[in-house]
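Have a look at the structure below, then the notes.
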Amino acid sequence: MQLKLNRPIAFFDLETTGVNVVKDRIVEISIFKISPEGHEESMTRLINPTIPIPPESSAIHGIKDADVANAPTFAELAHELDRFLQHCDLGGYNSNKFDVPMLIEEFLRCGINFDVKKRRLVDVQNIFHKMEPRTLKAAYRFYCGKELVDAHEAEADTKATYEILLSQIQRYDGADYEDRDGNISQPIKNDVQALHDFSFNHRNADLVGHIGYNMHGREIFNFGKYKGQEVMEVFKREPQYFDWMMKADFPLSTKNIIQSVILRGLNKGSSIVKE
């Protein structure tokens, strides 16, 4: 099957120093362009971001500061990339939410108005999520082959959830799962501990995800102006931020986590804010 095109489309992916469109930078761009005639072109470039690549980001994409030390900056590649993408529609995975805004931001820093208003944007992830909705009703249909008639009624929902789990255990028993580090395991077993280990988000310190863990196992902020920074280090520099969080509308479970960080710091003799 060939994609029907009346102008070129460029599928692209970015590796970056982080996920903040304003503060972070591109370290690699890969583009796969298809013309209406079916001609294919590829371009992959390492990019010197001009700022350090955090270890947490390198752990994901494998690109370190040394790898890009002699690479061109985005500003040096900008006109080449602009020409390569000229008159192209754009495609990607989660591209509308992240890759496209990040690319536009980099172009604008170089004084290039990379206008997407006349380009068509195809986000494969959005298509996937809309065609395979992640609702309980959709899961019940997919796994159990049944329609959830009384959806959103608590008793019906809980029983359906139990049936879905049983079906998942049967469907995925012995199935391989590859994590983002390339490790392969068979995590789905008829064992509650194994199911917990696989389904629980161990990267979050609190259940709602306001506080996470970095690669060293230390608590970091997952939101706001200090996103990605260690909680304890922020409180040392700016003790009033702790006061603000304790008074603001955060879940009590989140407040308990940051209080535990404070107490641990005090027990280690750190000169940080006290209640």
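All of the numbers you see were taken from the coordinates with simple rules; none came from a lab. Predicted model, so just to flag it, every value in this text is computed and none were measured. Neighbour counts are summed over all protein chains in view; Cβ atoms, including those assigned to glycine, are modelled from backbone coordinates with ideal geometry.
In this structure, is Ile34 crowded, with 16+ Cβ neighbours inside 10 Å, over 23 Å from Gln229 (Cβ atoms) and touching a Ser or Thr at 6+ places or on another chain (Cβ under 9 Å)? Give the steps one after another, and end with the answer.
On the way: crowded, with 16+ Cβ neighbours inside 10 Å: yes; over 23 Å from Gln229 (Cβ atoms): yes; touching a Ser or Thr at 6+ places or on another chain (Cβ under 9 Å): no.
Against the criterion (crowded, with 16+ Cβ neighbours inside 10 Å, over 23 Å from Gln229 (Cβ atoms) and touching a Ser or Thr at 6+ places or on another chain (Cβ under 9 Å)), Ile34 does not qualify.
Look through region 75-92, keep the residues that are surrounded by fewer than 15 Cβ atoms within 10 Å (Cβ to Cβ) and out of contact with any Lys or Arg (no Cβ under 9 Å at 6 or more places or on another chain), and return whichever of them is farthest from Arg7 (Cα to Cα). Let's see the steps before the verdict.
Residues of region 75-92 that are surrounded by fewer than 15 Cβ atoms within 10 Å (Cβ to Cβ), as a first pass: 76, 79-80, 82-83, 86-87.
From the residues that got through so far, the ones that are out of contact with any Lys or Arg (no Cβ under 9 Å at 6 or more places or on another chain) too are 76, 79, 82-83, 86.
Values: Glu76: 27, His79: 20, Asp82: 16, Arg83: 15, Gln86: 10 Å.
Among them, the one singled out is Glu76.
Looking at region 224-243, which of its residues are farther than 14 Å from Lys23 by Cα and not aromatic (Phe, Trp, Tyr)?
Scanning region 224-243 gives Glu230, Val231, Met232, Glu233, Val234, Lys236, Arg237, Glu238, Pro239, Gln240, Asp243.
Just to be sure, is Glu56 of a type in the set (D, E, K, R), under 25 Å from Gly182 (Cβ atoms) and either part of a loop (DSSP other than H, G, I, E, B) or in contact with a Lys or Arg (Cβ under 8 Å, 6 or more places away or on another chain) (or both)?
no
Is it the case that some residue within region 99-107 is outside any helix (DSSP H, G or I) and either closer than 30 Å to Val192 by Cα or touching an Asp or Glu at 6+ places or on another chain (Cβ under 9 Å) (or both)?
No.
Does Asp24 satisfy the condition of being outside any strand (DSSP E or B) and either of a type in the set (Asp, Glu) or without any contact (Cβ under 8 Å) to a residue 12 or more places away in the chain (or both)?
The answer is yes for Asp24.
Scan region 64-86 and report the pairs whose first residue is assigned to a helix (DSSP H, G or I) and whose second residue is polar (S, T, N, Q) and crowded, with 16+ Cβ neighbours inside 10 Å, with Cβ atoms within less than 8 Å and a gap of 6+ or a chain change.
Val68/Asn48
Which one is farthest from Lys97 (Cα to Cα), of the residues in region 127-148 that are surrounded by 10 or more Cβ atoms within 10 Å (Cβ to Cβ) and of a type in the set (A, V, I, L, M)?
It comes out as Leu148.
Which is more than 26 Å from Gly228 (Cβ to Cβ) and in contact with an Asp or Glu (Cβ under 9 Å, 6 or more places away or on another chain), of Leu85, Leu121?
Exactly one residue qualifies, and that residue is Leu121.
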